[in-house]
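Trainee: Let me begin by handing over the structure; questions about it come next.
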Ligand code: FES
């Protein structure tokens, strides 16, 4: 399966790239097998994600899914952002090849990790709200 036009677009022109120096939450997740790392930054005001950015050291699909994930949560409430699934990210990108599905899971987890950090900074235990951020299973072909 080839990459969709949307994947190619978000890979070639990723949205919201960089670092937010005054972020309210920062989350980093990685995949031990492929070695890819995704870092998300969020700014929150009155429970709304007013700004979001990412830095991804990874494959093209990881960059495209990070970019799309930031677009999907920008301007949303933190409660809506918590509901973001890797499936929604993939659908918004018109699909991914099966071997690249784990890259979208990394994007979902990176958003959750940033939200988790946000709650921690507010003095709130994130685990009952966000759950545990797991290391993503990789399904790379040999
Ligand atoms: Fe590891 Fe895409 S995130 S290959």
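A short reminder: the numbers here are calculations on the coordinates, not readings from a lab. This one's a predicted model, so the numbers in the text were calculated from it and none came from an experiment. Reconstructed Cβ throughout: ideal geometry from the backbone, glycine too, with neighbour counts over all protein chains shown.
Trainee: Looking at residue 105, is it within 11 Å of the ligand (Cβ to nearest atom) and within 14 Å of the chain's Cα centre (by Cα)?
Mentor: Yes; evaluated as a whole, the condition is true for this residue.
Trainee: Give the residues of the range 11-52 that are more than 16 Å from the ligand (Cβ to nearest atom) and part of a loop (DSSP other than H, G, I, E, B), sorted by residue number.
Mentor: Passing the criteria: 13, 15, 16, 18, 19, 20, 21, 22, 23, 24, 46, 47.
Trainee: Please tell me if residue 56 is in a strand (DSSP E or B) and near the ligand (Cβ under 10 Å from one of its atoms).
Mentor: Values: in a strand (DSSP E or B): yes; near the ligand (Cβ under 10 Å from one of its atoms): yes.
Against the criterion (in a strand (DSSP E or B) and near the ligand (Cβ under 10 Å from one of its atoms)), residue 56 qualifies.
Trainee: Hey, another quick one. Every residue in the range 83-96 that is surrounded by 18 or more Cβ atoms within 10 Å (Cβ to Cβ) and more than 25 Å from residue 2 (Cβ to Cβ), please.
Mentor: Result: 84, single match.
Trainee: Here's something else I'd like to know. Does residue 67 qualify as being crowded, with 18+ Cβ neighbours inside 10 Å and more than 22 Å from residue 131 (Cα to Cα)?
Mentor: yes
Trainee: For residue 64, are the conditions met, namely being within 13 Å of the ligand (Cβ to nearest atom), out of contact with any strand residue (DSSP E or B) (no Cβ under 7 Å at 6 or more places or on another chain) and part of a helix (DSSP H, G or I)?
Mentor: Yes.
Trainee: Have a look at 114, 110 and point out the one that is within 12 Å of the chain's Cα centre (by Cα), away from the ligand (no atom under 14 Å from the Cβ), buried (at least 24 other Cβ atoms within 10 Å of the Cβ) and closer than 17 Å to residue 134 by Cα.
Mentor: Result of the check over 114, 110: 114.
Trainee: Tell me, which residue of the range 77-96 that is in a loop (DSSP other than H, G, I, E, B) and under 14 Å from the mean Cα position of the chain (by Cα) is nearest to the ligand (Cβ to nearest atom)?
Mentor: It comes out as 93.
Trainee: Moving to a separate point now. Quick one: residue 99 ticks every box in (1) surrounded by fewer than 22 Cβ atoms within 10 Å (Cβ to Cβ); (2) within 16 Å of the ligand (Cβ to nearest atom); (3) not in a helix (DSSP H, G or I) bar one, so which box is it?
Mentor: Status for residue 99: all satisfied but (3).
Trainee: List pairs: first residue in the range 55-68 and without any contact (Cβ under 8 Å) to a residue 12 or more places away in the chain and under 13 Å from residue 18 (Cβ atoms), second residue near the ligand (Cβ under 10 Å from one of its atoms) and assigned to a loop (DSSP other than H, G, I, E, B) anywhere in the structure, Cβ distance under 7 angstrom, at least six positions apart or on different chains.
Mentor: Going by the 7 Å Cβ cut-off, there are no qualifying pairs.
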